[in-house]
1. Is there a residue being within 15 Å of M407 (Cα to Cα), within 16 Å of the ligand (Cβ to nearest atom) and touching a residue at least 60 places away in the same chain (Cβ under 8 Å) anywhere in the stretch 357-369?
2. How about the stretch 173-202: which of its residues are within 16 Å of G219 (Cα to Cα) and among the aliphatic types (A, V, I, L, M)?
3. Which of (1) surrounded by 19 or more Cβ atoms within 10 Å (Cβ to Cβ); (2) of a type outside the set (D, E, K, R); (3) more than 16 Å from the ligand (Cβ to nearest atom); (4) closer than 23 Å to N414 by Cβ is the odd one out, the single condition Y90 does not satisfy?
4. Hey, among T128, T80, T121, which residue is away from the ligand (no atom under 16 Å from the Cβ), among the hydroxyl-bearing types (S, T, Y), farther than 22 Å from R417 by Cα and crowded, with 23+ Cβ neighbours inside 10 Å?
5. Every residue in the stretch 165-194 that is within 16 Å of the ligand (Cβ to nearest atom) and either closer than 18 Å to C142 by Cα or touching a helix residue (DSSP H, G or I) at 6+ places or on another chain (Cβ under 6 Å) (or both), please.
6. For the condition at pLDDT below 95 and either touching a Pro at 6+ places or on another chain (Cβ under 7 Å) or within 24 Å of T68 (Cα to Cα) (or both), what is the one hit in P348, P378, P329, P292?
7. Considering (1) surrounded by fewer than 20 Cβ atoms within 10 Å (Cβ to Cβ); (2) out of contact with any Ser or Thr (no Cβ under 9 Å at 6 or more places or on another chain), say which one E297 fails and leave the rest.
8. Restricting attention to the stretch 183-191, does a residue exist that is in contact (Cβ under 8 Å) with a residue 24 or more places away in the chain and out of contact with any strand residue (DSSP E or B) (no Cβ under 8 Å at 6 or more places or on another chain)?
Amino acid sequence: MVLIMKKLSLLAYAPSLCAALLMTFEMSAIAQATPAAKQTHGKKAMSQTVDPLAVHQSAIVVDTHADTPQRFVDENWNFTDPLNGGMLNYDSARKGNLAAQFFSIWVDPGQYPAKESAHRTLSLIDGTLEQVRKAPDKLQLCLTSDDIITAHKSGRFAVLMGIEGGHSIENDLGLLRDFYRLGVRYMTLTWSNTNDWADSSGDINDTTITHHNGLTPFGKQVVQEMNRLGMMVDISHVSDKTFWDVIATTRAPVIASHSSARALTQAPRNLTDEMLQAVAKNDGVVMVNFFPAFIDESWRLAWAAQGPERKKALDALAAEYKAKGLPVPYTASDRIDREFAAKIGRAPFNSLIDHFDHVIKVAGIDHVGIGTDFDGIPVPPDGIDSAADLPKITAALMARGYTADDMKKLLGGNLLRVFRAVQLAADKSK
Ligand SMILES: [Zn+2]
């Protein structure tokens, strides 16, 4: 989830054979368009003889962030239904060879009072678990790295859950443990809102908000309890000081489930090079976010320039629903965000690839992955309309010289390693 924004309309799919041919054509077009890049990675010349589509198809592809659960709960939409305006469903996942999805359990603090956060969290967990119950032949709830591998072998799509925003636990470690028991395997310590125990990058410059200079003593206890449980600590969205407090507190690797690089795009919730290096030292993983405002500086500036006008439209919508005593439905605010995003147009596909490249150069190939933010952003970059387009990323990075082994790490291997390490660290502490 970015701020108050969501999914996008989709192109109709060609029959699968045509789609595959189209994909092959597009991939070779990408490869031909960037021949110079190969020369900058001389040691990786092997990629020229390897078919990127075959590499992509043979990998276990994991995405750590999609905001789809609101569709399950608020729209009565099922994961096995046609996309119908979304960016991720069962069919698009299959077409893009996506093996596993961490579904974001996100409670909008602007729509749900603090003391209703846990209830809404439970509704979103229920909505996600219900998807597995309704389609057990296609979907499998996964609680470990090994579960993902087992699901993949049996041909089932791996469903996982991560909470986005520590406000979900309502300052109660018991609730944190309950969410773990229900299957939640990561928690982003904050969303765009600072909570009672951790500062967020989203409001760090807002003087009307009480800040804590990073994590409070209770915030450190939350991190320690997550370590003990084997729940991945997610540093996406947190303020810089919170990030460094987490690095000093955690005794397990951390993840950034959906964050990009600040050196390329100045969004305050992107990670600086020092942070990327710190995650590498911690043996964690940074999963690159696809939102144009986080991966393309001119798109970010255009989006920021629209801010006041967009806020006015969203405030008017909120007032309309407040008068009815209802929370603003996801589809309504998303419609406004999409209208504004459409005025800017699509960000270049290569801006996304540049972020992967940068994270690899700074943190290393063992510390990068995919955190799309599908269904949480108003529009992905050009060329990416749904999960079915994920093979284009493999093609583009291999055209820049990355090898099949590099891609297997980036596409899912790194996340599987970190997830396993976090759970092993938990076992040791019992
Ligand atoms: Zn988010």
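The values are calculated or read from the model by the stated rules, or taken from the named source; none is laboratory data. What you see is a predicted model; the values in this text were computed from it and never measured. Note that we place each Cβ from the backbone using ideal geometry, even for glycine, and neighbour counts take in every protein chain shown.
1. Yes.
2. L173, L175, L176, M187, L189, A198
3. (4)
4. T128
5. Hits for the stretch 165-194 are H167, S168, V184, Y186, M187, L189, T190.
6. Exactly one residue qualifies, and that residue is P329.
7. Condition not satisfied by E297: (2).
8. no
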